[in-house]
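All remarks here apply to the structure that follows.
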Amino acid sequence: MTRNPSQPLGAYPRLRMRRNRREPWVRRIVAENVLTPGDFIWPVFVHQESAAKTPVASMPGINRFSIPALVDAVGEAQSLGIPCVALFPVTPPERKTADGEEATNPENIICRATRAVKEAFPDIGVLCDVALDPFTTHGHDGVLREGDVANDETVEILCRQALVQAASGCDIIAPSDMMDGRVGAIRDALDKAGFERVRIMSYAAKYASAFFGPFRDALGSKSTLGKADKRTYQMDPANTDEALREVALDLAEGADMVMVKPGLPYLDVVRRVKERFGVPTFAYQVSGEYSMLMGAIERGWLEPSVILEALIAFKRAGADGVLTYSAVDAAKRLKSG
Ligand code: PBG
């Protein structure tokens, strides 16, 4: 029999809810959700400059890594129990073009970084984004034709991008571009090339969000995008039924896992997706969410404990895992109790 939880199974004074909160050990045994490093996917920025690390001004504590520095950082992440990293390329401006061809270059920074990581640490998962924005002079996720992103022509390029990533050893292909039909097309392209074991995690419900600002700063795509926005392909923040429809489509096209993005402001979407489909569901705590917390912590306005508090919220909402820039820091905090 299921009961309405708003009708308590007892009443004060015999029932005292505080009994189960009294000591740390009892709080632990009644905890409904747990956060472990196994829940984290760590997004990292890779550049091809000589400096090992260059800080991202709008993301306190976050650096763009050279490939050798990336490999070291991934080693640390693996030793902390983090199962997967997501690699994002900083493309030098001279390699950007209107059609983003650099995305399909097997020697681009992302392919080289993937090979280096998989060679050093074959047991950690590598996720690669599929979208053209790091490679285009205009900062859009696809090619522009008559002022709009051309869907089918873009999908054709995305398939070639996915193939060079898979050939480099990428474990999870993650289309983040929101083009219609991309998941099915990429699945077919991967299978045809013999990469049927490579997974697809689709950015299924991705919203046109200002919370991506610091990420675009990190990649250098903020200036290229300028005052333009991505509202003709990313979702309207007003919608949730539409998110379920997007997820249903991506699953029908062969997505192995789905993602909701941004994270905290969209936990209702995470909950609905998980309840409706019961598939591996991830949330991306994006750059702006990270910077809000870290900016306030830096100023002493918030306690660092907000980091784990924000992350457990994803578990409570039903997410199976979280992409978070705090992964390494959070894993250390979990370890030290
Ligand atoms: C690229 C992409 C973006 C993010 C992940 N992949 C930016 C965008 O769509 O403009 C955002 C991640 C973040 O803000 O942390 N399509």
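The values are calculated or read from the model by the stated rules, or taken from the named source; none is laboratory data. Since the model is a prediction, treat every value here as computed from it, not as a measurement. Counting neighbours? That spans all protein chains shown, and the Cβs are built from the backbone with ideal geometry, glycine included.
Table for the structure above
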| item | result |
| --- | --- |
| Test: residue in the range 115-127 that is closer than 22 Å to Val322 by Cα and surrounded by fewer than 16 Cβ atoms within 10 Å (Cβ to Cβ) | yes |
| Of residues in the range 36-58 being under 16 Å from Asp329 (Cβ atoms) and out of contact with any strand residue (DSSP E or B) (no Cβ under 9 Å at 6 or more places or on another chain), the one surrounded by the fewest Cβ atoms within 10 Å (Cβ to Cβ) | Thr36 |
| Of the criteria (1) within 13 Å of the ligand (Cβ to nearest atom); (2) touching a residue at least 24 places away in the same chain (Cβ under 8 Å), which one Arg199 fails | (1) |
| Members of the range 85-96 found to be touching a helix residue (DSSP H, G or I) at 6+ places or on another chain (Cβ under 9 Å) and either part of a strand (DSSP E or B) or within 18 Å of Ala331 (Cβ to Cβ) (or both), listed by number | Val85, Leu87, Phe88, Pro89 |
| Failed criterion for Ile157 (all others in (1) modelled with pLDDT of 95 or more; (2) under 21 Å from Phe282 (Cβ atoms); (3) not polar (S, T, N, Q) hold) | (2) |
| Residue in the range 5-25 that is under 23 Å from the mean Cα position of the chain (by Cα), surrounded by 11 or more Cβ atoms within 10 Å (Cβ to Cβ) and either of a type in the set (Val, Ile, Thr) or at pLDDT 95 or above (or both) present | no |
| Of all residues making up the range 260-299, the number that are away from the ligand (no atom under 16 Å from the Cβ), part of a helix (DSSP H, G or I) and surrounded by fewer than 23 Cβ atoms within 10 Å (Cβ to Cβ) | 11 |
| Filter pass, Ala313 being at pLDDT 95 or above, within 21 Å of Phe212 (Cα to Cα) and assigned to a helix (DSSP H, G or I) | yes |
| Options Ala205, Ala218, Ala243, Ala238; residue that is crowded, with 21+ Cβ neighbours inside 10 Å, farther than 18 Å from Leu311 by Cβ and without any contact (Cβ under 8 Å) to a residue 40 or more places away in the chain | Ala243 |
| Sole exception among (1) of a type outside the set (A, V, I, L, M); (2) loosely packed, with under 15 Cβ neighbours inside 10 Å; (3) over 28 Å from Pro237 (Cβ atoms) for Cys170, by number | (2) |
| Tally of residues being under 18 Å from Val85 (Cα atoms), assigned to a helix (DSSP H, G or I) and free of Cβ contacts under 8 Å to residues at least 60 places away in the same chain across the range 113-163 | 8 |
| Every residue from the range 197-215 that is closer than 19 Å to Gly181 by Cβ and not β-branched (Val, Ile, Thr) | Arg199, Met201, Ser202, Tyr203, Ala204, Ala205, Lys206 |
| Subset of the range 208-242 [over 27 Å from Pro92 (Cα atoms) and within 12 Å of the ligand (Cβ to nearest atom)] | Met235 |
| Meets criteria (within 26 Å of Gly263 (Cβ to Cβ), buried (at least 18 other Cβ atoms within 10 Å of the Cβ), at pLDDT 95 or above and hydroxyl-bearing (Ser, Thr, Tyr)) for Thr91 | yes |
| Of all residues making up the range 300-337, the number that are touching a residue at least 12 places away in the same chain (Cβ under 8 Å) and either among the hydrophobic types (A, V, I, L, M, F, W, C) or more than 16 Å from the ligand (Cβ to nearest atom) (or both) | 25 |
| Inter-residue pairs, beta-carbon under 6 Å, first within 13 Å of the ligand (Cβ to nearest atom) and in the range 169-189, second among the acidic types (Asp, Glu), 6+ apart | Ala174/Asp129; Ser176/Asp129; Asp177/Asp141 |
| Residue, surrounded by the most Cβ atoms within 10 Å (Cβ to Cβ), within the range 94-114, restricted to residues that are closer than 30 Å to Gly147 by Cα and among the hydroxyl-bearing types (Ser, Thr, Tyr) | Thr104 |
| Test for Lys230: is it in a loop (DSSP other than H, G, I, E, B), over 20 Å from Phe282 (Cα atoms) and under 20 Å from the mean Cα position of the chain (by Cα) | yes |
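Let's see how each residue does on (1) among the aliphatic types (A, V, I, L, M); (2) at pLDDT 95 or above; (3) under 30 Å from Asp191 (Cα atoms):
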site	(1), (2), (3)
Lys227	no, no, no
Pro237	no, yes, no
Thr240	no, yes, no
Ala243	yes, yes, yes
Val247	yes, yes, yes
Asp268	no, yes, no
